[in-house]
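Step one of this worksheet: look at the structure below.
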Amino acid sequence: MAPRRNTTNGRGVQAEDTKICVVMVGLPARGKSYIAQKAQRYLQWLSIDAKVFNVGNYRRTNAPQPSADFFDTGNAEGERSRRAAAEAAISDMIGWYRQGGTVGILDATNSTKDRRKWVWDKCAAEGIEVLFVESKCDDEDLIMANVRDVKTTSPDYVGQDPDEAMLDFRNRIKMYEKVYKTIDGDGDESHYTYLKILDVGSQVVINRIQDYLQSRVVYYLMNLHIRPRSVWLSRHGESMYNLDGRIGGDAQLSPRGEQYARKLPELVRQSVGGDRPLTVWTSTLKRTIATARFLPDDYNQLQWKALDELDAGLCDGMTYQEIKDIYPEDFVARDEDKYNYRYRGGESYRDVVIRLEPIIMELERSEDILIVTHQAILRCIYAYFMKKDHTKSPWMNVPLHCLIKLTPRAYGTDEERYVADIPAVSTWRGKGSTAKHEDPVAAA
Ligand code: ATP
Ligand code: F6P
């Protein structure tokens, strides 16, 4: 096998030819799909090609709604069908790696040593590193809550009575328990690379983590929690630069921006549904700090340089018309590939995503956070939560004077918007346009 290279290419550190298979391990209803999907979203946000292969989805083509005894290892037909599903998923995954995929995530129980060895051998033959990620949880109340929340509504139980579905799923878990072996529980799997998450992260065990990409994934997964919470996002109030159509800078709020700052505590209270204090993160620029200054004293406030607006370098302080006049080629290049275009002496959206990674990590660890930041930064954070494609997110319309509340759920994020009744200019700009203030088009 050719040696692997980890290189820095100016777009952050990337393992150029590393291929990793994250192999989920654990009994049903332990959050494996939840973890798999979050890992995929995080990696895709960092522009790392990642894809989940869910064996249950393959199994459903042959056995759409099986009852618990289908999962009994004594059931030959069930065993054959489940093995075929795993083979189909792995075969598709290997085809995907051959097309250039980087991190495949095999979402199945992989609960026996034999199955893990089989997956490991298949991957090793293709030069793919394997990272086993096990979720082990013995909290009966939590497992039953998981079953009620996500399993009774699964395609396996469409049209069935939820109580019967719960009972059947419980029996399914019992079938798996008969053969389940926690990874390296007997000490004979210590040659594997693995992360074991015990009781939703109250303890983690890591073994033989080999390279940068694996450690990124492991560190991210170690920070996940499932306590209910929301994240609030707001741009700063309208600034004097916004009125002039100038980008960047460190301007004061306009009179209407001031009104928004005064209104923000009420909007937040309304959206929180009570007086629960939030933690507030702003950038280090005047306009976000001024916007957050009327929030109650019991809200902890923290300023992050990483939340400062995208650095427009030599174009800082210009209007889009001035940029087009002075740097016409740059103006066109930015519109052609807005995500990757880096301002002269400044940043691209891609650069911003990389500097926001610690913010995302901290957000995953935290509970209720209100972020008061800037247009480009907010687009990147929003794209992470809402899984927006990075070719589209730099063109998104994020209006001034609007509070966005995002609430992560098991398999997605809910969004609510609270619009302050205070007019503001639009800073959205369509491709090719140099208008100072332009009405956003619907698709943006
Ligand atoms: P199955 O094997 O049936 O596919 P699964 O292990 O993939 O089950 P999920 O569908 O991911 O289970 O279960 C989602 C639920 O698990 C969510 O309610 C989520 O809050 C919860 N959850 C997420 N992480 C964990 C964890 N580490 N331990 C236990 N539960 C978790
Ligand atoms: O116009 C407000 C602003 O926050 C500028 O400071 C920043 O350069 C710009 O938005 C980012 O938006 P775009 O990437 O669409 O130019």
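Rundown of residues vs (1) surrounded by fewer than 21 Cβ atoms within 10 Å (Cβ to Cβ); (2) on the phi < 0 side of the Ramachandran plot; (3) under 26 Å from the mean Cα position of the chain (by Cα), yes/no style:
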{"position": "239", "(1), (2), (3)": "no, yes, no"}
{"position": "245", "(1), (2), (3)": "yes, no, no"}
{"position": "252", "(1), (2), (3)": "yes, yes, no"}
{"position": "260", "(1), (2), (3)": "no, yes, no"}
{"position": "265", "(1), (2), (3)": "yes, yes, no"}
{"position": "272", "(1), (2), (3)": "yes, yes, yes"}
{"position": "285", "(1), (2), (3)": "no, yes, no"}
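Scan 267, 233, 243, 213 and give me the residue that is touching a residue at least 40 places away in the same chain (Cβ under 8 Å), under 30 Å from residue 102 (Cα atoms) and of a type outside the set (Asp, Glu). Going through 267, 233, 243, 213 in turn, the sole match is 213. Within region 316-365, the only residue that satisfies the criterion of being within 10 Å of ligand 2 (Cβ to nearest atom), under 25 Å from residue 284 (Cα atoms) and basic (Lys, Arg) is 338.
How many residues does region 57-69 contain that are part of a helix (DSSP H, G or I), free of Cβ contacts under 8 Å to residues at least 60 places away in the same chain and either surrounded by fewer than 18 Cβ atoms within 10 Å (Cβ to Cβ) or touching a Ser or Thr at 6+ places or on another chain (Cβ under 9 Å) (or both)?
Going through region 57-69, the residues part of a helix (DSSP H, G or I) turn out to be 57-62, 68-69.
From the residues that got through so far, the ones that are free of Cβ contacts under 8 Å to residues at least 60 places away in the same chain too are 57-59, 61-62.
Remaining after also requiring either surrounded by fewer than 18 Cβ atoms within 10 Å (Cβ to Cβ) or touching a Ser or Thr at 6+ places or on another chain (Cβ under 9 Å) (or both): 57, 59, 61-62.
Result for region 57-69: 4.
Just the residues that are in a helix (DSSP H, G or I) and either polar (S, T, N, Q) or within 21 Å of residue 196 (Cβ to Cβ) (or both), please, taken from region 91-120. First the steps, then the outcome.
So in region 91-120, the residues in a helix (DSSP H, G or I) come out as 91-98, 113-120.
Within region 91-120, 91, 113, 114, 115, 116, 117, 118, 119, 120 meet the criteria.
Just name the residue that is nearest to residue 92 (Cα to Cα) out of those in region 70-79 that are part of a loop (DSSP other than H, G, I, E, B) and free of Cβ contacts under 8 Å to residues at least 60 places away in the same chain. Reasoning before the result, please.
Let us first name the residues in region 70-79 that are part of a loop (DSSP other than H, G, I, E, B), namely 72-75.
Next cut, free of Cβ contacts under 8 Å to residues at least 60 places away in the same chain only: 74-75.
Details: 74: 28, 75: 26 Å.
Taking the candidates together, the pick is 75.
Those residues that are within 10 Å of ligand 2 (Cβ to nearest atom) and within 20 Å of the chain's Cα centre (by Cα), I need them from region 398-444; list them, please. If the condition is that a residue be within 10 Å of ligand 2 (Cβ to nearest atom) and within 20 Å of the chain's Cα centre (by Cα), then 398 is the only one that fits. Taken together, the residues in region 1-43 that are in a loop (DSSP other than H, G, I, E, B), at pLDDT 95 or above, touching a strand residue (DSSP E or B) at 6+ places or on another chain (Cβ under 9 Å) and not small (Gly, Ala, Ser) amount to 3.
The set of residues from region 80-135 being of a type in the set (Lys, Arg) and either farther than 16 Å from residue 59 by Cβ or touching a residue at least 12 places away in the same chain (Cβ under 8 Å) (or both) comprises 82, 98, 113, 115, 116, 117, 122. Consider region 296-315 and keep the residues that are within 11 Å of ligand 2 (Cβ to nearest atom) and buried (at least 17 other Cβ atoms within 10 Å of the Cβ). The one that is farthest from the chain's Cα centre (by Cα) is 315. Kindly evaluate residue 427 against the criterion of being assigned to a loop (DSSP other than H, G, I, E, B) and at negative phi. When the stated conditions are applied, residue 427 passes them. I'd like the residue in region 384-396 that is over 30 Å from residue 151 (Cβ atoms) and crowded, with 16+ Cβ neighbours inside 10 Å and, out of all such residues, is nearest to ligand 2 (Cβ to nearest atom). So, considering only residues that are over 30 Å from residue 151 (Cβ atoms) and crowded, with 16+ Cβ neighbours inside 10 Å, the one nearest to ligand 2 (Cβ to nearest atom) is 394. Of all residues in region 367-398, those that are free of Cβ contacts under 8 Å to residues at least 60 places away in the same chain and outside any helix (DSSP H, G or I) total 6.
The values are calculated or read from the model by the stated rules, or taken from the named source; none is laboratory data. Values in this document were obtained by computation on a predicted structure and should not be read as measured data. Counting neighbours? That spans all protein chains shown, and the Cβs are built from the backbone with ideal geometry, glycine included.
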